[in-house]
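Okay, so here's the structure we're looking at.
The values are calculated or read from the model by the stated rules, or taken from the named source; none is laboratory data. Since we're looking at a predicted model, the values are computed, not measured. Cβ placement follows ideal geometry from the backbone for every residue including glycine, while neighbour counts extend to all protein chains displayed. Only protein heavy atoms, including side chains, enter the accessible area calculation; ligands, DNA and RNA are left aside. Shrake-Rupley method; radii C 1.70, N 1.55, O 1.52, S 1.80 Å.
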Amino acid sequence: MSDNKNLEKYKKLHNLSLTDPGKFWTPIAENIHWYKKWDEVLDDSNPPFYKWFVGGVTNTCYNAVDRWAEKFPDKPAYIWYSSELDEERILTYKQLYQEVNRFASVLRDLGVEKGDRIVIYLPMIPEAAIAMLACVRIGAIHSVVFAGFSVRSLGVRIDDSEPKLLICADGGVRGGKKVDLKSIVDEALTSSEYKVPNSIVVNRGLVEHKMVDGRDLYWDELMSKKEKDVIIEPEKMNSTDPSYILYTSGTTGKPKGVVRDTGGHLVALYHSMKSIFNTDTDQTYFATSDIGWVVGHSYIIYGPLFKGCTSIIYEGTPIYPEPNAWFKVIEKYKVNTVFSAPTAFRILRKFDEKYITENDLSSLNTIYLAGEPLDEATYEWMKRVLGEDIAIVDNYWQTETGWPILANPYGIAPLKIKPGSPTKPMWGWNLKVVDFEGNEVQKGTKGYLVAIPPTPPAVLLTVYRNDERYINSYYKAFSGHDYYATGDYGIEDEDGYFYVLGRADEVIKVAGHRLGTGEMEAVFSTHAQVAEVSCIGVEDDVKGEVPIAMVVLKQGYEGSPELEQEMKQLVRNEIGPVATPKAVYFVKALPKTRSGKVIRRAIKNLAEGKEPGDLSTIEDPSTIDKIKKILEEANQ
């Protein structure tokens, strides 16, 4: 189909999703198993609390597991591979059905009922998937906490969700190093105000640990008491019942507990697998994320199984034991679709391209990227190294939305790719770019990216136990307007393609001028020697703030005063004199969370001579010490 025909098809479908949501979503929802069909597709009578498939009764686990276990019992549902341990475990749909039922029975024995919360603090292991699916099977609400968060971060989430049970492991492995998780859990359970009655421990034999009598129970011992054929009937859930809570980790304030619904979540993710991610039931899907993040929920645990696909659960980093780790997985398991983040490929840019090209990637059709803006330089590098046959497709969304806001409908109407743009609004998203007063700006003009309600299926129901915060956080940013505020800057071009420029709060104010850090980083990334960069604003007595840049060079290059001047001039030429960095520092690595996000706040604090602040989620603490040393030497 030609680009013009695809564009017309997209426009027709997208317009229908806005003007007649019932007509658009009804045939899609009929692909889901319902115990009772819905009475109303969309209830928008109490904005901004939008409810989908009201009156419908279904079950998330049944749609992910049961119906496929009957249809193709021997097909792999999950393939777990640990590059850390060089171990694999394959769970067919039938085996997964059995394991989930057994663990659901364990939960029932411990008194877990519909609506109870369960905190899951597990690394990337099959038990995590089994636990999550067992929760939604019986109507319990899981709250997965990234198994890299600190005692304090875990404790805050325990106190807010008040779980009946916590599930953890003795330890994990990251970059060849064992990580003690049980001691973090022990401290969090002791220090939290809310006292969790029980803790289930997956003992991997990695870390010595102590069990607390009367509280701690071993996973294997509990499961060994359950027959293989035990059956726990799925709880019949209202479409609008919560399926899970996932806390957003903001830089300030208490984390927000995003509450996901049941029916809308099922329908939206099911549809996204083909319409956006071009993945069919007979294919293998590899999301490189972690279950502690929304991508892990939507596109490791749930989305692929709603479609009846095979999903890869991967324990490890992209570069351990070597930078070919992901590509060996793609080759071995004949992966068709990869979902990852631009930052991972910026890391891979530092290494010899042979780590990618020496693998058989003939099964791979598409790599989807999200999590932060995809710069044009990284896109072009990926296209060159991976070849023309593998499409590189950007998409943009948030924890709150559960699936893409902006994407290329690659499975039903592939649109022309514009590097740097996540393309166009997806089904049900009516997007605008506005100024700070909420007035729409001209095409090509930078502004705030907002959505006109109602929001589509699967978008958060509310903030857990805090409707007021939900309203204030997402619907009160623009006085006189009821927009859903994404919190990001964006531009819409003349062709209706959107560009996301990063968080609206990641702005440097230089002598009254507002500069987006993402805009500056995109310029740096065009330099042939740059692998990664982070731009931040630091305090300045005269200008208020001035930009500085931390640059990671590709392997084989070294920083120099001449290179620093060259990069300053590049920014000056592309953006203007006001954006010229005060300094460019060449570093070996940027401080990042384990999900790959740069910890800008820590860099800013160090550059201003302050302590780095909370580093509970940092991947490599040594990056902080090295940056501190570079800054000290530069200021001597």
| field | Global geometry of the range 487-552, whether rounded, prolate or oblate, following the gyration tensor of its Cα atoms and the 1.5 cut on a/c | value | oblate
| remark: Of all GluC sites (Glu not before Pro) in the range 120-221, the ones in DSSP coil with at most 14 other Cβ atoms within 10 Å are Glu193, Glu208
| said: Could you compute how fast the range 1-114 diffuses translationally, taking Rh as the Kirkwood radius over C-alpha pairs and applying Stokes-Einstein at 20 °C with viscosity 1.002 mPa s? Give it in µm² per second. | reply: 119
| request: Quick one: angle between helix 126-138 and the longest Cα principal axis of the chain, in degrees between 0 and 90, rounded to 10, please. | output: 60
| query | Tell me, what % of the accessible area of the range 589-636 is carbon and sulfur with a 1.4 angstrom probe? | reply | 49
| task | Would you give the gap between the C-alpha center of the range 503-566 and the C-alpha center of the range 80-112, rounded to a whole Å? | result | 46
| Put Arg174, Arg349 in order of accessible area, largest first, 1.4 Å probe: what do you get? | Arg174, Arg349
| query | What chymotrypsin sites (Phe, Trp or Tyr not before Pro) in the range 403-443 are in a loop by DSSP, with at most 16 other Cβ atoms within 10 Å of the Cβ? | reply | Phe436
| remark: Given a 1.4 Å probe, the accessible area of the chain per residue, as a whole number of Å², is 40
| note | Flagged as over-length at 21 Å C-alpha distance, from Lys36/Lys94; Lys443/Lys597; Lys9/Lys446; Lys75/Lys334; Lys256/Lys424, the pairs are Lys36/Lys94; Lys443/Lys597; Lys9/Lys446; Lys256/Lys424
| field | Cα coordinate range in the chain, projected on the principal axes (Å, largest first) | value | 70, 58, 51
| remark: Rounded to the nearest 5, the percent of antiparallel DSSP beta bridges in the chain equals 60
| Mind ordering 159-170, 293-304, 47-58 by average Cβ neighbours within 10 Å, highest first? | 293-304, 159-170, 47-58
| Spin-label point model (7 Å from Cα, Cβ direction): what's the Glu558 to Lys12 distance in nm? | 6.2
| field | Eligible lysines near Lys592 by straight Cα distance, threshold 21 Å, same-chain separation 8 or greater | value | Lys177, Lys178, Lys254, Lys350, Lys554, Lys604, Lys610, Lys626, Lys628, Lys629
| task | Calculate how steeply helix 561-574 sits against the longest principal axis of the alpha-carbon atoms of the chain, using the helix alpha-carbon long axis, and give the answer as 0 to 90 degrees to the nearest 10. | result | 80
| Counting every Cα pair in the range 439-520, what percent are over 16 Å apart? | 61
| field | For the range 622-635, Karplus couplings with θ = phi - 60° (6.51, -1.76, 1.60), whole Hz, Gly/Pro x | value | 5, 4, 5, 4, 5, 5, 4, 5, 4, 5, 5, 5, 5, 8
| query | Rounded to two decimals, what ratio of Rg to Rh does the range 228-351 give with C-alpha atoms and a Kirkwood Rh? | reply | 1.02
| query | Can you give the angle from 0 to 90° between the axis of helix 93-109 and the longest principal axis of the chain, with both taken from C-alpha atoms, to the nearest 10? | reply | 80
| Rounded to a whole number, what % of the accessible area of the range 440-583 do carbon and sulfur atoms account for, probe 1.4 Å? | 45
